[in-house]
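The block underneath contains the structure these notes are about, expressed in structure tokens.
The values are calculated or read from the model by the stated rules, or taken from the named source; none is laboratory data. Just so it is clear, the structure is predicted and the values come from calculations on it, not from any experiment. So basically every Cβ, Gly included, is an ideal-geometry build from the backbone, and we count neighbours across all protein chains shown. Please note that ligands, DNA and RNA were not included when accessible areas were found on the heavy atoms of the full protein model with its side chains. Shrake-Rupley method; radii C 1.70, N 1.55, O 1.52, S 1.80 Å.
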Amino acid sequence: MLTNAVTRLRYSFAVGIVTLISACASTPSVQPVAPDAPPPVSQVTEDDGLIGPPAPAGITADPRATQVLSIAAVGDMMLGTDFPDPRLADDDGAGLLAAVTPWLRAADIAFGNIEGVLMDGGEPAKRCSNPRACYLFRSPARYAQWYADAGFDVVSFANNHARDFGEEGRTASMQHVAALGMHHSGRVGDIARWQQDGLSFALIAFAVTRNSNSMLEIVPAAREVALLAAEHDIVLVSFHGGAEGLGALRLPFDEEIYYNEPRGNVVAFARAMVDAGADLVLGHGPHVVRAMERYRDRLIAYSLGNFATYFGISVAGLKGIAPVLSVRINGFGEFIDGRIYSTRQPRPQGPQLDPSQTALRVIRALSVADFGDSGITFDDDGYLHEAPRRFVRSERGARF
């Protein structure tokens with residue numbers, strides 16, 4: 001369990017980050033990209049210097065080595081709840097994702113984590129012993145359409161709100177997104193599988209909550225991922241773990257506890273998933289962004305923050321910033337490059353372009369603070385590039 005002293009230190013770090021970002025944001029070094037016409041990473045050409053040189057003449061390369069796939073990923077989403085009282089947007093939520101739809105639809109695959117359930121009626125199954133730390137979210141079933149319209153292809157129902165209305169609620173959520181052509185993962189044994197661009201894909205979502213694919217037992221989780229990697233060309237892993245709030249900005253490289261609930265060792269878990277065959281690991285849950293690293297030529301994003309949470313989750317300050325993370329990988333799952341599109345939630349609107357690029361600046365600062373050498377270069381315009389990595393920090397320090 002984190003001590004109060006450590007929590008104060010982390011909060012002090014958060015204040016320092018705010019000060020740093022404020023100073024940087026006053027004079028942005030690049031012009032912001034217009035939200036209605038973003039240059040998606042999938043349109044980057046070899047002339048931009050983001051793709052490596054072709055194989056030497058006479059050498060026949062596996063076509064997967066030159067294949068390029070773009071994946072857009074975001075964190076927590078909950079577009080409004082009608083329980084116990086209606087807390088819905090004036091346009092019924094239809095426009096909450098409009099500003100970020102161009103980035104999501106530009107990708108070959110778009111992923112996000114849906115908090116709460118998509119369900120009409122039903123009774124809550126969760127009882128809140130501590131109302132300050134417990135909310136129940138139920139979005140109308142028709143809201144599944146807003147996720148489909150925004151461009152989402154696969155979503156996670158592995159989180160602490162997916163069972164707010166019991167397994168009946170999660171079943172309803174799964175059925176509503178599937179009816180619109182979206183894939184899903186979350187419940188034990190629920191794994192998204194599909195074929196695309198001549199490749200086979202799988203996404204498995206983990207959490208620390210009951211009846212979800214569990215991230216608390218790393219060995220069984222790694223075994224599951226290894227089996228998927230043996231059967232699929234590309235394996236994506238999502239996890240909902242870690243402590244929450246400003247005190248959780250930094251990675252502890254240890255087990256995390258929040259309100260007496262185990263929240264996992266996210267670094268050990270994420271790296272074990274890559275070791276087992278995962279090609280991209282996407283974290284969410286702390287309600288703030290966290291660091292990123294390139295580990296064994298695969299990208300790990302430890303938390304993508306609050307992306308589109310209309311009610312019940314604070315979006316004040318750093319809790320209201322989040323990226324649209326656009327990543328390009330090759331047909332083997334190896335990281336090529338990426339880009340962070342920074343957003344902010346000014347309620348009652350949904351996520352909007354953040355010209356000061358706060359999410360980018362915070363993620364870059366955290367990646368340096370936590371890893372020193374993260375294997376990633378973060379450009380001022382949001383582009384991510386592979387960088388040489390001399391050592392990988394572990395719980396025991398530096399592993400060469």
Amide H of GLY80 versus every other amide H placed in the peptide plane: which residues, excluding those fewer than 5 positions away on the same chain, fall under 5 Å? TYR310, PHE311
Please list the three semi-axes, largest first and in whole Å, of the ellipsoid equivalent to the stretch 203-244, using sqrt of 5 times the eigenvalues of its alpha carbon gyration tensor. 20, 11, 8
Return the carbon/sulfur percentage of the accessible area of the stretch 267-400, one whole number, probe 1.4 Å, all protein chains in place. 51
Quick one: accessible area per residue over the stretch 122-206, 1.4 Å probe, rounded to a whole number of Å²? 40
Once both label points are put 7 Å beyond Cα along the C-beta direction, the ALA179-GLU167 separation in nm becomes 2.2
With only alpha-carbon pairs counted, each pair once and no self-pairs, how large is the Kirkwood hydrodynamic radius of the stretch 265-370 in angstroms? 14.3
Residues whose built amide H sits under 5 Å from the amide H of GLN196, excluding neighbours closer than 5 in sequence, are PHE201
At THR377 and SER314, where each label point lies 7 Å from the Cα along Cα→Cβ, what is the point-to-point distance in nanometres? 3.8
Per-residue HN-Hα couplings for the stretch 280-290 [Karplus 6.51, -1.76, 1.60; θ = phi - 60°; Hz; x = Gly/Pro]: 7, 10, 10, x, 6, x, x, 6, 9, 6, 9
If you count, for each residue, the other Cβ atoms within 10 Å and average over each peptide, how do 79-86, 278-285 line up from highest to lowest? 278-285, 79-86
With r as the distance between the Cβ atoms of ARG347 and GLN196 and R0 = 45 Å, compute the FRET efficiency 1/(1 + (r/R0)^6) and round to 0.05. 0.80
ARG142 accessible area, 1.4 Å probe, all protein chains in place, Å² to nearest 10: 120
When all protein chains stay in place, what accessible area (Å², nearest 10, 1.4 Å probe) is found for SER212? 10
So what is Rg over Rh here for the stretch 191-327, counting just Cα atoms and using Kirkwood for Rh? 0.97
The stretch 222-260 and the stretch 275-347: distance between their alpha carbon centers, rounded to Å: 12
Binning every alpha carbon pair distance of the stretch 108-239 at 10 Å from zero, what are the percents per bin? 13, 42, 33, 11, 1
